[in-house]
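The values are calculated or read from the model by the stated rules, or taken from the named source; none is laboratory data. No experiment lies behind these values; they were computed from the predicted model shown. Cβ atoms come from the backbone with ideal geometry, glycine included; neighbour counts cover every protein chain shown.
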Amino acid sequence: MGVLYFFIEPVDAPRGGPKFSYRREDFVEFNEKEAGTMSYVDGWVLVVPQGQLKAYKKMAKEGGKMWKQFGALEYFECAGDDLVPEMGGMKPSLTFPKMTRLKEGETVIFAFAVYKSKAHRNQVNAKVMKEMAKTPEGQKEMAMPFDIKRTAWAGFSTIVEERP
């Protein structure tokens, strides 16, 4: 199964700056088999109260160790510290604070895990979920140091991968 991606080619516009054209021949099918060494990534965006950041970091370190133990190639948890960056006059249409409905005293976490492929990710996540199911009953109901209702996660096929 492939994922479609496309190239956007700027076209000079008489007023208002560049516009973009989309031509049918610009669409290219991305096939995981053709990608060869391209990896697969799970990504998360969530909100953590500043006062809970230490507890979240502890939980995230334990999670990272578990994902790595069961085969994730890399695991990152990143706390926002420049959530509306100056980009040389370019204004974003949607910022992380707006997207997550960020409140005073909260920060955004951007996290991701890297795998060999989607199949590898599915194997790793199955092992992690099996291990997490062994959690003692008393810990299953513990309060999370983040707002689960403002958490998003998904899997992503890598379409560009630049490494040293």
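Quick check on Arg101: is it buried (at least 17 other Cβ atoms within 10 Å of the Cβ) and among the charged types (D, E, K, R)?
no
Could you list, ordered by first residue, the pairs with Cβ atoms under 9 Å in which the first is in the range 114-133 and more than 16 Å from Gly63 (Cβ to Cβ) and in contact (Cβ under 8 Å) with a residue 40 or more places away in the chain and the second is in a helix (DSSP H, G or I) and among the aromatic types (Phe, Trp, Tyr), at least 6 apart or interchain?
none
Of the numbered conditions (1) assigned to a loop (DSSP other than H, G, I, E, B); (2) under 22 Å from Met38 (Cβ atoms), Pro145 fails exactly one; give the number of that condition.
The one condition Pro145 does not meet is (2).
Six or more apart or on different chains, Cβ atoms under 9 Å: show the pairs whose first residue is in the range 94-111 and assigned to a loop (DSSP other than H, G, I, E, B) and whose second is crowded, with 20+ Cβ neighbours inside 10 Å.
Arg101/Val47; Leu102/Val47; Leu102/Val108; Lys103/Val47
Has the range 4-24 got any residue that is assigned to a helix (DSSP H, G or I), modelled with pLDDT of 50 or more, out of contact with any His (no Cβ under 9 Å at 6 or more places or on another chain) and not small (Gly, Ala, Ser)?
no
Give all pairs with beta carbons closer than 7 Å in which a residue from the range 59-88 that is under 23 Å from Thr107 (Cβ atoms) and in a helix (DSSP H, G or I) meets a residue that is hydroxyl-bearing (Ser, Thr, Tyr) and modelled with pLDDT of 95 or more; count only pairs at least 6 apart in sequence or on separate chains.
Gly64/Tyr75; Trp67/Tyr75
Got a number for residues in the range 25-43 being modelled with pLDDT of 95 or more and either crowded, with 16+ Cβ neighbours inside 10 Å or in contact with a helix residue (DSSP H, G or I) (Cβ under 9 Å, 6 or more places away or on another chain) (or both)?
Of the residues in that region, 3 qualify.
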